[in-house]
Structure formats: C-alpha cells, structure tokens
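Below: one structure, written as structure tokens.
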Amino acid sequence: DIDTACKAAFTICDNVYRRVCNPEDCGVFGVKIEYPSSGNVRGLTALAVSKGTYSASEVIMGEYKIVKPGMKAKKSSVKVNAKDFAGQYKLSERYFTQKESALIPEIPSWYVIPEQVVTICDFAKRTTNSQLPMRNFMLRGAAGSGKTEGAKAIAAGLGLPYMFLTCSADDEKFDFIGQILPNIEGIDFADPQDSVYIPSNEEIDEDPAGAYYNMTGDFNDSITPDEVRDAIAKMIDEKNKKREEKDFRYVYTPLIEAIKNGYVIEIQEPTVIAKQGVLVGLNSLLDNCKAIKLITGEVIERHPDTVIILTTNTDYNGCREMNQSIISRMNLIFDMDTPDVRTMTERAMGITGCKDKPVVKKMAETIEKIAKECRESMISDGSCGMRELISWVQSFMLCEDALEAAEYTVLSSVSADSENRELIRSTCIAPVFETA
C-alpha cells in the first residue's frame, strides 16, 4: 500500500527532523549536533570508508561502526562486576608472600572494567598451555583514557603482583635491567629490608627517644642525642663487618623483578625514549620464556606467568614511533578510547567522593566539549581529559564554585596561551557554569 508506506516514511522523517532541530524539546531522545566553529565539516572519502580505517571523533548517539558485506553483529558488552573479576583468570596456582600479596591491585567498586581488559585476561589464561602463551600486550590511548588503570585491572584479574617502570627520553638499557651501586654507610641497596634506618640530625636533636625507637625498635625515654649518635656509629660499624668487603651490589629494576618472579609489569610511555635501540635490546625478554644475561653474569629467565604491558600515547610531545620489532612481539594491541560522559562521571565521583552527580556530569560533558573544541581549533599545547576532570571536581568540592575551580585546573592545563584559554572559557565553560 503506497499511501501507508508514504505516511510511515513521512512520520519517520518528521521524527528525525524534530530530534535534530529541536533536541531540547525531545528530552533524552533529542540528537544534539554541534557543528565546527569554522563551519568546515571534514568530508568522508570513499577510500577511507572502503578500508574501514575511518574513526569517528565523537559518537553522538548509539554505536558507531562501518557496515560491510558479510559483517556480523557485534556482541553487546556486559558490565563485569569488580568482585567477580578479581583473581578469576589465574594463570597458575601460586603462593605469594605477604609483601607480594600487597602488590596485587584491588579494583574499586566504582571502576567500570573495559572490554579490552577482560579480553587480555581471558586470552592470557586460555593460551597458558599452548606453545606460545599470550603474555605481551600494548595499550594505546589519549591521556586519561585509563591505560594504567587498565594495566592494574589486568593484574587484579590475573591475581598477580603489579609493578611499573616509567620511561624517559635519556633512558639506557641499564635503566631497565639494573645497575651496580655502592653500599653507602652500611646501606644495602639491593635489600632495603636489611638496611639500617639512619635518622637525620634534626630528628635526633628534636626527639632523641623517637629517633632511637625508629632505628632500633626499643624505647628509651632518657636517651640523649649524643647517645643516639653513638648507637648509630656502633650499628653502622657492625653492619660494615657483616658486609665481608662487598662494597658494591647489583640492584634489580622493577622489570627484572617482574620477569624473574612472574609479576605484571607496566612499561609506561616507551615512545619517549630518544634511542630506539634501547627497547630493542630487551627483545630477548619480550620473547616468551626467554632469558637475559646481566653484567654480573647472572642469567634471568622469564617466568612463564610474567605479563608485560606497554602503555603509550603517540600524541604526546616528544613521542616517537615504536620500533617494528617491539610491535611484532605484542600478542594483542588495543586502542583505549576516551571514556564516555557516564563513565567519566562515575570514575570522578568514585575517586573524589563527590556526591553531587548533576554537577559532576555537567563537568564531564564540558570536558568532552573542551576536547572537541581543542581538536577543531588545533589547540595542542595542553591536555584535557580524565585527570583534569578529577582535579576540577576536587577543587569544586573545596571552593564550591565550578567556574572558579576551572580556572586553575582545566583552563590552566588546556593551554599556556591566554587567547586559547579565553576561547575555551567563553565557549565551553562560562555558558554552563556562569551564574546570573
């Protein structure tokens, strides 16, 4: 019936028109569209569509996807409970000391476990008995997208201790595998628990009894500062005698500790390292169940449970391309998307303890809007994401003025240029939080 079909089509068109042109009147069903201030909407080329490489900068409603012939519907993601997730993907039955158990992360109840984290834990466990178990992973994403939190969640899901190592531009290979350091004043760098606590002169003069107690565990209310110093000299002398002329010790890095003992190790921002050959020198450790020889002659074999996670942001100033040999040794590589408004709101409230959900939600929406404005206006000398939102909420809780709090949290982070800050203030923040 052509008349019935036309009437249905007209109704649908009118429905879409009203949702787009009058979103405020449609409530939660309205489709809000913000056009770039420049008026130039980037075109979508046929080549980008055919290759499936086009990525939407923002999803206004629903789920974005490129429809291709034969494409199967994606399974709907299910929210995983933090309590049910922790320790559910153990790679083997192991006993951990009290110190090691303290390194196993606990997942906060408010944390929404990303699908990528669940996939990594699942694949790591299911390939354990295979010839090539999956143990190397990479998480890429913008600042505040949850890469480090994701690495901690992976450790929690696997039930393994978590350690991290942060890279810098001038890192060398020995910054990853360890260094030889001298034993100074009886302190054994390789075993901090066996070292002597040495109180400062200020501590001794102000509270000799407390300084002596912190050093020995014995409380002597009548002890004098000079007696404390005599006790320090005696203790160091005894310590030196036990050293048996060992003046230098080799100190493991977190990477070597994790490799040797079977922990989860997160290597943060490896793309900032100036020399690409530094990480390449660790390829033997990235190969499963391989080993590396230290300068001491000790051979460190990789524990079969060791999980290495590289977390990086290629958009940071100073970032360089990752060497292909490193990428080829990653079993899974995931791009972490910036959290949506709902997730940012829940995380910010969970971390800060703020109970004013409507205001926090407005802040999250504003952060999202600021990030979009920075992309369109090519403001790239700052940062605006989850961390800025958390700082903003914390400051708001103290000063109780969202606009004032934004000045020294969000705006100060978004750009060092005063004109850029004024643009963000006038277009994104003031219209929402400026009181009449």
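The values are calculated or read from the model by the stated rules, or taken from the named source; none is laboratory data. Everything quoted here is computed from the prediction, not taken from an experiment. As a convention, Cβ positions derive from the backbone with ideal geometry for all residues, glycine included, and neighbour counts pool all protein chains shown. Accessible surface is based on the protein model in full, side chains and every heavy atom, while ligands, DNA and RNA are left aside. Shrake-Rupley method; radii C 1.70, N 1.55, O 1.52, S 1.80 Å.
Show me the ranking of peptides 143-156, 384-397, 13-26 by mean Cβ neighbours inside 10 Å, starting with the highest.
Taking the mean over residues of other Cβ atoms within 10 Å, the ranking is 143-156, 384-397, 13-26.
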So, with points 7 Å from each Cα along the Cβ direction, the K99-R229 label distance in nm works out to 3.3
Over all directions, the average projected area of the alpha-carbon convex hull for segment 330-436 comes to how many nm²? 7.8
Over all Cα pairs of segment 73-174, the Kirkwood radius sets Rh, and Rg/Rh then becomes 0.99
Packing-based order for 218-228, 368-378, using average beta carbon neighbours within 10 Å, highest first: 368-378, 218-228
DSSP-assigned coil residues among chymotrypsin sites (Phe, Trp or Tyr not before Pro) in segment 85-156, each with at most 10 further Cβ atoms within 10 Å: Y95
For segment 259-403, report the accessible area per residue in Å² (1.4 Å probe, heavy atoms, rounded to an integer). 47
How much length is gained on full extension from S222 to Q394, taking 0.36 nm per residue of separation minus their Cα-Cα distance? 57.4 nm
Estimated inter-spin distance, F10 and S325, nm [label 7 Å along Cα→Cβ]: 7.1
Assign unit charges at the C-beta atoms only (+1 for Lys and Arg, -1 for Asp and Glu), then state the dipole size of segment 339-388 relative to its Cα centre in Debye, rounded to the nearest 20. 240
How far apart, in nanometres, would the label points at Y17 and L403 be if each is projected 7 angstrom from Cα along the Cα-to-Cβ direction? 3.9
Taking R0 as 45 Å and r as the Cβ-Cβ distance between S200 and V59, the FRET efficiency 1/(1 + (r/R0)^6), rounded to the nearest 0.05, comes to 0.20
